[in-house]
Every structure is written in structure tokens, then in C-alpha cells.
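Written out below as C-alpha cells is the structure these notes cover.
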């Protein structure tokens, strides 16, 4: 009798596991990304609501780069879904795009790991003939890695070189009275909207646009104020000073360096980045159960 009960329990557990597996989908995200930060059209303006002015740059897709990702989606029911994903992209910005004589620029690879909850406005099930389409909202948490770089004129070799900006401490990080160097790891709050379409029995096609609110102001290595040029040369070296203040590279501005404590960025706002694209996922096929 005891053996029979153990066998029945094992069979029920297997059926339960199979049923849970049928709720999983696995897929890819393909699209683009863009950065929103201190390199934007409103930096030199005197407008109020600076954070909103910066946020408007979300809709300027001049610096869009390719985005690729993978994800796993667990469908709790027809309305609620848990989604975990890993995304890879590149973000960048350049003052020249906005005719800003600050003349700074950056680029960085960005890798993101996220966990999000999706809410379907309509009942939806991949493979269903009755519930084939729905708009949805999503929100969650994310961790990411970034490493801002720039092409600068090396004053020592007199050649252009790609350099990592964080080790150069371009805003005096580490000096007495200044904060320590920022971390290359950060947290973000992803949120956005999308649309899902059931295509056939096992495939879901979707459209997605999401914003990432970060808690760092250094995606672009720009945040606070200029450090006196000679002070930065003596403390961080000529390459650090060169990467920190590049207005003098412009025609007619030769030999110009910003006075100490002149605004280099806006530390009152944090940086953002955005993802948008197409999702393609497939659910696990277990048996011949029909979806209505």
C-alpha cells in the first residue's frame, strides 16, 4: 500500500511539472536602443523642468544602436506574466549632434539582466484561437554593466586613441573633497508597453518599447563640474585633462579651458536608456491539448 501511494504521488508530481512547463515561453528580442543623459538638446538652455527636457531626448533616435536579447516568459494566467531577460546593446552620445561647444562624446557597450512583470489588457494565450492579441504593460527591476569610452587626442602620443573614461576621473573623482569613482554596475527600473500576437499554435510575435530609469548619472561620464585644467593635469595626468575638457579642439577655441567649477553636466538628473523592438517567442509543446 505504501509503495502504491508513493507511485501515485510520483505520477501526480510528474503531471504537475509537465503542466507547469507548458506555461513557459522562450524567445529573442531584436531592435534598437538609445541613450538619454547629459548630452542632449536642452543642456545649454535655461528652461525650467530640466529633467523633463532631458527626458524629451528619449524621442530623438539619432544615436540608435542595435539591440539583441533573449528571454524566458512564465504565463501565470491569461493576464499576468513573469519575464526574465538578458540584453546586449551599445549606447552613445555626441555634443556635435546638438551643436554644443562642450564637444564631449562617449560610447559604451551595455549588458542588462532584468526581471519584469507583464499585465495583459485582454485575456491572452499563445496558440489560442479566441485570445490571440493584446496590448500589455510591463515593469520590473534590472541590473546592468556599462563602461564609457571615447576617442580622444592623446597629448603624449599626439594620436587619436580610444580610452576608458572612468579610470581617468575626468571630474576629479578621488581627489580630496570629491567623491570616489563611480561604479560600472548599476540598477534600473524598466517600464513600458507592448503588443502581443499569437501566430499559429506555438509562436508569439510582439512589439515592445521600454524605458530604463537608472540610478547613475555617469552612463556618459558626465555629471557635475569642470576641475581646473592645471589641477587635473597635476593630479590625473595630461590624458585625464584632455578627456575632461575638449572645447579647445574646436576651431577658434584653441587654448580655451573651462574655469574651475563651471557646469560640465547636470547632476540633478540621472541618465536613462531605452529599448524597443520585436519579440519572437515559442511556447513548449507538450501533448496535443487544444487552446481555445
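Couple of notes before you dig in:
- Compactness of region 117-192, expressed as Rg and Dmax over alpha-carbon positions, Å: 22.8, 68
- Ordering of 178-185, 268-275, 122-129 by burial proxy (mean other Cβ atoms within 10 Å per residue, highest first): 268-275, 122-129, 178-185
- Sorted by Cβ density within 10 Å, fewest first, the residues 278, 91: 278, 91
- Neighbour counting of Cβ atoms within 10 Å sorts the residues 214, 262, fewest neighbours leading, into 262, 214.
- Most tightly packed first, judged by the mean number of other beta-carbon atoms within 10 Å of their residues, the peptides 222-231, 152-161, 67-76 read 222-231, 67-76, 152-161.
- Cα gyration tensor shape for region 133-176, rounded if a/c is under 1.5, else prolate or oblate: oblate
- Taking the C-alpha atoms of region 51-171, convex hull volume expressed per residue in Å³: 160
- Put in line by how crowded their Cβ is, counting other Cβ atoms within 10 Å and starting with the fewest, 175, 116 read 175, 116.
- Seen through its C-alpha gyration tensor, with square-root eigenvalues sorted a ≥ b ≥ c, region 141-292 comes out prolate because a/c lies at 1.5 or above while a/b is bigger than b/c.
Throughout, read-outs are computed from the coordinates displayed, never taken from laboratory work. On a predicted model such as this, the values are computed, not experimentally measured, just so you know. For neighbour counting, all protein chains shown are included, and Cβ atoms are generated from backbone atoms with ideal geometry for every residue, glycine included.
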